[in-house]
1. Helix B:107-131 sits at what angle to the longest principal axis of chain B, using alpha carbons and giving 0 to 90 degrees rounded to 10?
2. Please check: in the Gaussian network model of chain A (C-alpha springs, under 10 Å), which one of A:Arg63, A:Arg210, A:Arg143 has the largest mean-square fluctuation.
3. Tilt of helix A:166-182 relative to the longest C-alpha principal axis of chain A, in degrees (0 to 90, nearest 10)?
4. So which of A:Lys5/A:Lys230; A:Lys5/A:Lys126; A:Lys258/B:Lys83; A:Lys74/A:Lys234; A:Lys5/A:Lys57 end up more than 28 Å apart by C-alpha?
5. Per the helix-only calculation at 222 nm, which mean residue ellipticity applies to chain A, given -39500 (n - 2.57) for every DSSP H run of n ≥ 4 and division by its residues, nearest 500 deg cm²/dmol?
6. Given the C-alpha centroids of segment A:141-175 and segment A:184-262, what is the distance between them in whole angstrom?
7. Can you work out D for chain A in µm² s⁻¹ from Stokes-Einstein, where Rh is the Kirkwood radius over C-alpha pairs, the temperature is 10 °C and the viscosity is 1.306 mPa s?
8. Can you give the angle from 0 to 90° between the axis of helix B:46-71 and the longest principal axis of chain B, with both taken from C-alpha atoms, to the nearest 10?
Amino acid sequence: MIVAKLIDTTSCIGCKACEAACQEWNDQGLTAGMAKSDDGTYQTLPSLRHDFWNLIKFKEVTREDGSFTWLMSKYQCMHCVDAGCLEACPAPGAIFRRENGIVDFDHDKCIGCGYCITGCPFDVPKLSPVTQKVYKCTLCSDRTSVGLEPACIKACPTNCLTFGARDDLVRLADARAESLRADGHATAGVYNPAGVGGTNVLYVLADATRPEDYGLPRDPTIPWQVRLWKGPLKWVGNAVLVGGVVGAFLHYLRYGPKEVEE
Amino acid sequence: MRVLRFTFAERAVHWMTAISFLYAALTGLALWSPSLLWISSFFGGGEAVRRWHPWGGVSFAVALGLIFRNWSKDMRLDSEDRKWLSQAHRYAVNDESGLPEAGRFNAGQKVLFWTQSVAALLLFASGVALFWPEHMPRGLRLAAVLVHPSAAIVSIAGILIHIYMGIAAVPGALRGMVSGWVTEPWARAHHPRWYRESVKR
């Protein structure tokens, strides 16, 4: 069964219980600089960190008609079906997909190159300056593997967060978007970007035409540079390498050395 | 009769470049694909390779810079070289009659020198972009993941030919780069203009 997390941004109240639960379950605590932000927002940190995997983004948005909204949405690893981090990783097994769809990191195998940071279209993986390895949300794979829901889901007081079978949640997300549209939010919809094959973290947005208002990229994809690098360029390189060695050997057999009469 | 082809300083710098190159190329291959990470086990494992590959590259760039200082004047391509290059296929099949006479370096060696110099600049610049994944703009890093391996492929291809010629195709060449000395017939056969103008006198 593929699992997923649904984030209904319309019922997020910005309480940060999910942030606290994530820090606590993953034993990361609060460190200096986290508790208070001095950039005039409610947001705990400007972006995710190697020791902070779940961040509520607070966005103040003025609409074209002059109306003002204060948007809150939880941000973390999207557990892409077509994962850019996995595509870019050179260490076998360091990034892997679990049977239930979770994209997870094995830190014993991570070599700290940071290619996943470049491959990720969501700016999620972060390098620890201490261990020189990369960290991100695991969708609480250590909880879900024993039948528990992720810590953030457990802590959410508003039912903004739901965890379950992906197919069920896609249906639930569509239904919520539908009821929002019936309530007058004509542009409400589901964020499940096709450019990365869909994600195992789904959003319901009151205005799905403007995902960047929520801090979500509009059309995330695995960058074509990464695809070219890990696809055709790899085969060109392999061909040159093998062709060079075989070619040199055959050349020697055919033409031999340039002997000089002494 | 023996002829001094490379001074101690030239040889030392050449081998510093060669060893740095081999290290950087092999550890680079380890990072090239998940199916090649096993190479890293000869160099202390994946983490050690990630940590030291960039410094192997810096060492290569510095050593190549010293080679550049030693040889860039001798490496200028002239009209004779262009003629030589247009007939390089004849050199490749050991039919050298009618090829322009080579000076201290033949045109093939000169092309290798300039190829490696440009490749090293590209490798260094893109390597810097890859070194700090969290502090470099993403656009730069995305360019670098293409430039770095592309330049490496060109560089490795050139060095494959260079190594093949040095250890197999041109007997006596390796001794020249190790001991510094070549025989007079060798110099006359492979670098006649150099032999005539600089050695014989």
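1. Between helix and principal axis, roughly 10 degrees.
2. A:Arg63
3. 50
4. Working: A:Lys5/A:Lys230 30 Å; A:Lys5/A:Lys126 21 Å; A:Lys258/B:Lys83 21 Å; A:Lys74/A:Lys234 37 Å; A:Lys5/A:Lys57 17 Å.
As for pairs spanning more than 28 Å Cα to Cα, those are A:Lys5/A:Lys230; A:Lys74/A:Lys234.
5. On the way: 8 runs with 76 residues, N = 262.
Value at 222 nm, helices only: -8500 deg cm²/dmol.
6. Their Cα centres are 31 Å away from one another.
7. Roughly 77 µm²/s, to the nearest whole number.
8. So the helix axis and the longest Cα principal axis differ by about 30 degrees.
Where a number appears in this text, it was derived from the coordinates with a stated rule and is not lab data. Because the structure is predicted, anything quoted here is derived from the model rather than measured. Note: ideal-geometry Cβ built from the backbone for every residue, glycine included; neighbour counts use all protein chains shown.
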